[in-house]
Amino acid sequence: MEHLTLVCMGHEPELGAYLREQLKASGFNLDVEVVDILRDKSNLEFKRDAEAEITIEGDQLVIRQFYPMNLLQKLSLMKENVEDWRELVESVMVDFHYDGAVFEPSVVDVPPGNELVRGVYPIPADAGRIRVKVTDLLSESLETTVQHG
């Protein structure tokens, strides 16, 4: 069964049931959830994908910035300041020979204790398509591909 979340500002209490009934009559079997941002705002949390600035500089892969949006949102609610993006990262994995299907990292940067990930990784001479996976402290990950050569 497919799921549909309808986000609105004010609605009739029967809206969810009405939509389910209308969809079913049209041949659609959908689970409908109605969220009212005016009434349910204390329980409402918008999820956003992480973003990163990753470049190739000479023979090095460089992660310039990493923005784990959900973690940053939680930290802003707690009024925490972050000086270095690496403070938010649990691990970085890099596959320098990504075939487009199977992620086989040759670099696994999981620092011990209070140490930070390096953020700069030498690129092997025979590297092809590069796949990078950055995992934040909430265990949410960003995966992106960087073209080399």
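The values are calculated or read from the model by the stated rules, or taken from the named source; none is laboratory data. Quantities reported herein were computed from a predicted structural model and do not represent experimental measurements. Backbone-built Cβ (ideal geometry, glycine too); neighbour counts: all protein chains shown.
Counting only residues that are in a strand (DSSP E or B) and of a type in the set (S, T, N, Q), which one in segment 56-72 is modelled with the highest pLDDT?
Among them, the one singled out is Gln60.
Find the strands (runs of 3 or more DSSP E) located wholly in segment 82-146 whose residues include 2 or more that are loosely packed, with under 15 Cβ neighbours inside 10 Å, and list them.
120-122, 141-146
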